Amino acid sequence: MTVAILTVTHGKVGDELLATAESMLGVLPLTCKTLTVSDTCSPEKLLGKAEKLCSELDNGDGILVLTDIFGSTPSNICNKLSTTLNVRVLAGLNLPMLIRVMNYSNLDLHKLVEKALSGAHDGIIDCQDER
């Protein structure tokens, strides 16, 4: 069994990041689903959809929920999930974070969170300083 991934983002950000990661890696080693949040959707309905997706993804090892902007509607929905389910929620989803997670797919939820955070942080570089 392995941790599953749920992205909850504005628009198609989650879909696009997962598609890009799959293109780069050839295959996504973790089971992944996305929830697209639009400004016309009801937060209550979205929470219900997120809970349903989590129940479909949960195989006993937990779910890493990745969202784009802390404090936004997607993030708020995700944080409601973390009060009742075996999930960890990280905001600030970026491609380096996602690639790092996929490269350490054998880790448990706690260690995978650490790798995701380091991937996100390490992926932010001032290119002018790197010359």
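Run the numbers for residue 39 and residue 15: contour at 0.36 nm per residue of separation, minus the present Cα-Cα distance, in nm. Mind dumping the intermediate values first?
Details: separation 24, 0.36 × 24 = 8.64 nm, distance 1.71 nm.
Once the chain is fully extended between residue 39 and residue 15, it gains 6.9 nm.
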When you take every Cα atom in the range 33-82, what is the radius of gyration, and what is Dmax, the widest Cα pair distance, in Å? 10.6, 33
Taking square-rooted eigenvalues a ≥ b ≥ c of the alpha carbon gyration tensor, is the range 82-131 rounded, prolate or oblate, where a/c under 1.5 means rounded and, failing that, a/b exceeding b/c means prolate? prolate
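As an exercise, take the mean of 1/r over every pair of distinct alpha carbons in the chain, invert it, and state the Kirkwood radius in angstroms.
Values: mean 1/r = 0.0676 Å⁻¹.
For the chain, the Kirkwood estimate is 14.8 Å.
Once the convex hull of the C-alpha atoms of the range 1-76 is built, how many Å³ does it hold per residue, rounded to a whole number? Before the final figure, lay out each step's value.
Values: hull volume 6.1 nm³, N = 76.
About 81 Å³ per residue, rounded to a whole number.
Taken together, the values in this text are just the output of simple stated rules run on the coordinates, not laboratory data. Quick caveat, the model's predicted, so the values are computed rather than measured.
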